[in-house]
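Encoded as structure tokens, the structure appears first; notes follow it.
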Amino acid sequence: MRDLLFVVAAGFVVLILQTTSLAFAVSPEYKPDLALILVVWAALRLDFLVGAGFAFILGMTVDMLSGSRLGVFALTYCAIFLACAHMHTTFQVDSPIGRVIMALVGCLVAGAGVAVIRWVEGPPGFGWNALLWLTAKPIITGASVLLVFPALERLHSGYLRVAGTY
Amino acid sequence: MFRSIRNISIILLLLGGGLVILLSSSQRPEAGPIRGTLYAVLRPFQEAVFAAQFRVRDIWHGYIHLTEVREENTKLTQEVARLHQERTVLLAKDQENRRLRKLLDLKGRYDFPSVVAQVIGEDASGWYRTFFINRGLDDGVRPDMPATVADGVVGRVSESSASVSKVLLITDPSLSVDCRIARTRDRGVLSGSLEGGCVLRYLDHRSGVKAQDEVVTSGMDGVFPKDIPVGTVKQVRQSGQGLFLEALVDPVADFSKVEEVLIIVAKRGGFDVRPGLGADR
């Protein structure tokens, strides 16, 4: 329950950042997917049921706050959560490089999913720019893990210290 | 006895001498040789002491002033910072004023009922091209209503809640707009492209479309009013199947700078596309 509260608060902050101020630092197309990083963090740190539920709800919220069809990110984030949790429990992947790769691949999967849906819906006009977009965004997201993950860890441990006193 | 006589005589001599000098001294403005010598001897010392005195006084005043200047400097720095901040706010207000004036001009030009809305957020995922505005169903904003800026078309309202709406931009491949080349009046379907910008598809082979041609809305899709600028043709090429021409179009609106939009409030049945006729009249 304590973790759920933390992750919901973190999700709220991430969504606010994603829809407002993040574009000041990076172009909207290339801004890192902080929500996906949070899902990867949840896969490595949270109880499976709480994490999976959170990934689904967060994905659904991202769906509502973007131009995607409802369910695209809910399913994508859930799948990424499952894959990361599996990697973590089976191979104990929790090194910084491992986290970066998980976020990078997760973002690549999300981008590819969006591209496939766009392709099914109509001619999306693929080209070098689209290719650059599909590769640069995952790389930026992966690199952001190195900053966001330690921040999340610190906030979480601080939160547990405070929440633990009650 | 002798001593007192000597003292009295000295006093009398001095007084008498003084009286003699006093009574015998001339009123000439020029100093005599003795006075001149005295002045000459004293002058350097006087000057030195006087200068030193001034210097000491300057240093003293300088020290006192320095303290005051420091305080004044702090006050002035704060004042400059405050004025700078006020200037920034005023410049921002001025720019906002200009943008709103442009939108109001646009409002008058199109003669359609419209609502000014502020952009409050952008696409959460970054994979789509949408933004959020602070107007919704309560303000009469409904899905499929066109969003424009002074330069031209921005997009279309895709979802509305009571107070917030989502606008799908014309650079998103999911949005299609029926458009014309302003010069040749050739029609085509414009949609966003992942390559960047937009693509105007299904242009007739015989069309004389070329780079720098202006693209405007045709008004035939029942969503966008007629003749609103959309963009400029950047490049013309054959479509994949070779049956049509397609043109890469640079949108007129700079999406990174859009802060307010004008939502053209239309009846759900669409617009009367004849220019000058409002939808709600």
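The values are calculated or read from the model by the stated rules, or taken from the named source; none is laboratory data. The model shown is predicted, which means the values in this text are computed figures rather than measured ones. Cβ placement follows ideal geometry from the backbone for every residue including glycine, while neighbour counts extend to all protein chains displayed.
Return the total of residues in the range B:158-178 being more than 9 Å from chain A (Cβ to nearest Cβ), outside any loop (DSSP other than H, G, I, E, B) and either under 35 Å from the mean Cα position of the chain (by Cα) or at positive phi (or both).
Total meeting the criteria: 4.
Suppose the filter is more than 14 Å from every other protein chain (Cβ to nearest Cβ) and under 18 Å from A:Tyr77 (Cα atoms); does A:Phe56 pass it?
yes
In this structure, is A:Cys84 surrounded by 13 or more Cβ atoms within 10 Å (Cβ to Cβ), within 14 Å of chain B (Cβ to nearest Cβ) and under 20 Å from A:Val62 (Cα atoms)? Reasoning before the result, please.
Working: surrounded by 13 or more Cβ atoms within 10 Å (Cβ to Cβ): yes; within 14 Å of chain B (Cβ to nearest Cβ): no; under 20 Å from A:Val62 (Cα atoms): yes.
So A:Cys84 does not fit the description; no.
Only one of (1) of a type in the set (D, E, K, R); (2) within 15 Å of the chain's Cα centre (by Cα); (3) within 13 Å of chain B (Cβ to nearest Cβ); (4) surrounded by fewer than 21 Cβ atoms within 10 Å (Cβ to Cβ) fails for A:Glu121. Which number is that?
The single condition A:Glu121 does not satisfy is (2).
How about the range B:179-238: which strands (runs of 3 or more DSSP E) wholly inside it have at least 3 residues that are within 33 Å of the chain's Cα centre (by Cα)?
Per the criteria, B:214-217, B:229-238.
With respect to the numbered conditions (1) more than 8 Å from chain B (Cβ to nearest Cβ); (2) surrounded by 15 or more Cβ atoms within 10 Å (Cβ to Cβ); (3) modelled with pLDDT of 90 or more, which one is the sole condition not fulfilled by A:Val8?
(2)
Among the residues of the range B:199-233 satisfying the criterion of being surrounded by 16 or more Cβ atoms within 10 Å (Cβ to Cβ) and within 14 Å of chain A (Cβ to nearest Cβ), which is farthest from B:Thr130 (Cα to Cα)?
Applying the filter and picking the extreme gives B:Arg201.
Being in a helix (DSSP H, G or I) and surrounded by fewer than 17 Cβ atoms within 10 Å (Cβ to Cβ) is the filter here, so list the residues in the range A:124-137 that pass it. It would help to see each step written out before you state the result.
Keep residues of the range A:124-137 that are in a helix (DSSP H, G or I), which gives A:128-137.
A:Trp128, A:Asn129, A:Leu131, A:Leu132, A:Thr135, A:Ala136 - these are the residues of the range A:124-137 that are in a helix (DSSP H, G or I) and surrounded by fewer than 17 Cβ atoms within 10 Å (Cβ to Cβ).
Taking the options B:Gly196, B:Gly192, name whichever one is of a type outside the set (D, E, K, R), within 14 Å of another protein chain (Cβ to nearest Cβ), in contact (Cβ under 8 Å) with a residue 40 or more places away in the chain and within 24 Å of B:Phe244 (Cβ to Cβ). Outline the logic, then answer.
On the way: B:Gly196 fails: in contact (Cβ under 8 Å) with a residue 40 or more places away in the chain.
The unique qualifying residue is B:Gly192.
Give the residue, chosen from A:Ala74, A:Ala42, that is of a type outside the set (S, T, N, Q) and surrounded by fewer than 21 Cβ atoms within 10 Å (Cβ to Cβ). Walk me through how you get there before you give the answer.
On the way: A:Ala42 fails: surrounded by fewer than 21 Cβ atoms within 10 Å (Cβ to Cβ).
Going through A:Ala74, A:Ala42 in turn, just one is of a type outside the set (S, T, N, Q) and surrounded by fewer than 21 Cβ atoms within 10 Å (Cβ to Cβ): A:Ala74.
I need the full set of residues from the range B:125-136 which are under 15 Å from B:Ser158 (Cα atoms), of a type outside the set (D, E, K, R), in a loop (DSSP other than H, G, I, E, B) and facing another protein chain (nearest Cβ under 7 Å), in order please.
Selection gives B:Tyr128 alone.
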